[in-house]
Each structure stands twice: as structure tokens, then as C-alpha cells.
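The values are calculated or read from the model by the stated rules, or taken from the named source; none is laboratory data. Predicted model only: the values in this text are computed from it and were never measured. Counting neighbours? That spans all protein chains shown, and the Cβs are built from the backbone with ideal geometry, glycine included.
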Amino acid sequence: MVDVPDVVSCALRDAPPDQLAEAADRVIRSTMGALRTDVFVADYRISGLWPLLDPDLPAAGFLACHTVAQRCFSSQQPVRDGDGPCRLYLPLTVWGERLGVLLIELPAVPNPAVTGRATDVAGALAMAMRAADRGTDRYRRARRRERLTLAAEMQWDLLPGRSVAHHAFDLAGQLEPAYTVGGDHFDWSLDGDRLTVTVLNGEGSGLTASMLTSVTVNAMRNARRSGGSLVEQAELASDTVFYQHRGRRYVATLLLEVDTRTGQVRAVDAGSPHLLRMRGSVVERLKLDQQLPLGMFAETRYELQELPLAPGDRLFVVSDGVWAAEPAGREPYGDRVMARSLRATRLQPAAEAVGTVMRELHAYHADSDLRDDAVVVCLDWRGPRERSSG
């Protein structure tokens, strides 16, 4: 019996990076008897899913596919549509990062074994697409619904991803305005029992802000990848920014390090952004001791603070562009309205929650353009796995 996932994986390894969808289509048709396939990718705002193989799909057909594909994307579960032929929608997800949806149209309703093989095929395709991003622009072009500014291009290329899953936590982030974001940013890395998360409230706008953020993020990465502690990451980045700009430019940054064995969080609050915890339905701002932003003065030294997480806790980190948004003279979004938005995400996974908060922020602006960059990062702490007693 043909091992379909293995055959697909071999075909994807042999395919050029821009031809993964076509390679998967050929193998899925020949090994599973599929009538057709398509790959839907999520755009930068995660506001829609867009076909790679059939971009000229008629509007009515696309809307029908899109509705079911969106349900699959949101639930992260296979979704069937129709009896004969039957359209099977499968999430394209790798390490918790949601890339899109794979459509496989079959002559009849698949049994559980076929659905399981199709799910494995989707996993192999997602992994290949994630790796191929460095070798082709095709999938990035499909994700953008309008042209990115150069500053936004740099910011998106600098990101580690938009979500990640782990047995102890789920983590997700979103940048807005997606196509013109300048200085606000987030970064993360998982290394053994240590999860490092940084959120930057970039100063200024446009290319200058993006370049400042890039220098700061890469300085922190350099320290982290050299084995530096959270304090050493902050201090190297601060010194790097200061000696480049002599205090004229600086970056407000929150650095967090989570011990994935215990849920203990170490933090360096270098002048914002804002940290909030949702425990049950209660939203509370966690006020850390603010220290100087990175790069404000030479040889600034930083101190750690610690706080514990309980299983079920949800942390939000938001930049000033979210917290202090004041459209048309209304009160800042962070005063009261944001807490309601956060509570509305209680039953949503982290990857959905960041989108909900951003949509609520846009609605608060009455759909006018955001005046400042905005970042939302969401961390759901499940707690470490129970150790076996045997």
C-alpha cells in the first residue's frame, strides 16, 4: 500500500521552492484519486484566505470555498463539505504557526484513515512552505493584498513568525497597520526550557523607525544566541543603540523570559510596552518597575523582576499604539475599552485572540487609519506536563 504522506514528502523535497503547491497537487491526485486541490494562504492581516492554484476562481465559487476554509483555519480541524464530490479542508500549520488551508476534493466522503493521511499530507506541505519562504517570493506575494511599504517589508522579514505552539504554552502576535507598520515589533525564541519574548515600542515612523528596530532586535538576538541572560540582552541592545544615536533615538522594550518547567517569568521593563494578565475573566495590568528605554544613555544597567504564572493565565503585551489610541478625542483605548476586548477573547486560542483585539482596535477608530503602529502579543500558559509517576 502506498504511504501517501511519504510520497508527498519526497515530491516536495524534489520540487523547486515556488512549485510546492503544484507538486503536492500532482501527487495527491495520483495517490488519493483527488479531483482537484488548492492551497489557501492567510494574508498579512489574517483577514482572508487566498488561493494559490486557482487565483481566477469565480467569485461565487471562491466565496463558498472561503467560508468553509475560514472555518477550518479558525478551528484548526479538518472540515468536510459535500457528499460526492466531497471537499476536505485541512489546516496548513507548522509548530503552531497558521499558514493557511489545503483543499482536497475527493469523489466520495473519506473514511477516517483517508482523512488521517490527508492531515499528514497537509502537515508535510506546511513544513515545506515554511522552509521555502527563503527561496521564493511566491507565497509572500500571495499573502499581501496591497503593496507593503519598505519599512513594513523589513518588519515582516524580521519577525520569528506569527504564532508558535508548545505543550506548556501557546504564543501569537500581530502587527498593525499590517502594510505600513514602521517601528513596533515583537520577537521570540524557544531554547530548551527557556522561552524569550520581546516586544518593542519603536520610536518614530517609516524607514528610520524600522532600521532602529532592526538594530535593536538583532543586538538582543546576538546576545541571546551567545548565551547572554535577559539583562545582558537588554544592555547590549541599549549600548548598541546609544553609540549609534548618542541618545537622540531610543527604544521602549519589554523583555520576558518564561521558564517552561515552572511558569516563572523574569522581566526587564525598559520603558514600556504594557503587560496585562487575564485570569479567568479578570483583566489586570501588571505594573513592573519601569527602567530606562534602550539606548537613552550610555552603559545603562538593568535589573530583573520576577512574577509567577498559574495554569490558565493569559498574558497580553500591547504597545502604546494599542494602549494610548485616542481617535477623535475619545478616551485612550487602554483605559476601559481594551479590557472588554481582552475578555471577549477568553474562549479563543491565542492566534485568534490577537486578531480579535486588533479588529476591536480598528473598530474603536471607526475604521479610520491607525495613527500609530500597534503590536499585540498573547501568551497562554497551560503549565508543564505532569511527570509520570511510573
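Of the residues making up the stretch 83-114, those that are among the aliphatic types (A, V, I, L, M) and either in a strand (DSSP E or B) or in contact with a helix residue (DSSP H, G or I) (Cβ under 9 Å, 6 or more places away or on another chain) (or both) are LEU88, LEU90, LEU92, VAL94, LEU99, VAL101, LEU102, LEU103, ILE104, LEU106, VAL114. Modelled with pLDDT under 95 and not assigned by TED's automatic domain parsing to the domain that holds LEU53: is that true of THR198 in this structure? So THR198 fails the test. In the condition set (1) farther than 30 Å from ARG340 by Cβ; (2) out of contact with any His (no Cβ under 7 Å at 6 or more places or on another chain); (3) modelled with pLDDT of 95 or more, ARG249 is compliant with all but (3). Among the residues of the stretch 206-242, those identified as under 29 Å from PRO177 (Cα atoms), out of contact with any strand residue (DSSP E or B) (no Cβ under 7 Å at 6 or more places or on another chain), touching a residue at least 40 places away in the same chain (Cβ under 8 Å) and surrounded by 17 or more Cβ atoms within 10 Å (Cβ to Cβ) are ALA209, SER210, MET211, SER214, THR240, PHE242.
Scan the stretch 311-352 for residues that are assigned to a loop (DSSP other than H, G, I, E, B) and either under 22 Å from the mean Cα position of the chain (by Cα) or not acidic (Asp, Glu) (or both) and the total you get is 16. Among the residues making up the stretch 226-246, none is modelled with pLDDT under 95 and in contact with a Pro (Cβ under 9 Å, 6 or more places away or on another chain).
Could we say that GLY182 is crowded, with 24+ Cβ neighbours inside 10 Å and assigned by TED's automatic domain parsing to the domain that holds ALA252 here? So GLY182 passes the test. From the list GLU299, GLU360, GLU303, the one residue that fits, being surrounded by 18 or more Cβ atoms within 10 Å (Cβ to Cβ) and among the charged types (D, E, K, R), is GLU360. Of the residues making up the stretch 1-24, not a single one is part of a strand (DSSP E or B) and at pLDDT 90 or above.
Run ALA267 past the list (1) modelled with pLDDT under 95; (2) within 16 Å of THR196 (Cβ to Cβ) and report the number of the one that doesn't hold. So the condition that ALA267 fails would be (1). Scanning the stretch 364-390 for residues that are modelled with pLDDT under 80 and under 16 Å from ALA178 (Cβ atoms) turns up HIS365, ASP367, SER368, ASP369, LEU370, ARG371, ASP372. Can VAL258 be described as free of Cβ contacts under 8 Å to residues at least 60 places away in the same chain and either under 22 Å from LEU379 (Cβ atoms) or out of contact with any strand residue (DSSP E or B) (no Cβ under 6 Å at 6 or more places or on another chain) (or both)? Spelling it out, it is not the case that VAL258 is free of Cβ contacts under 8 Å to residues at least 60 places away in the same chain and either under 22 Å from LEU379 (Cβ atoms) or out of contact with any strand residue (DSSP E or B) (no Cβ under 6 Å at 6 or more places or on another chain) (or both).
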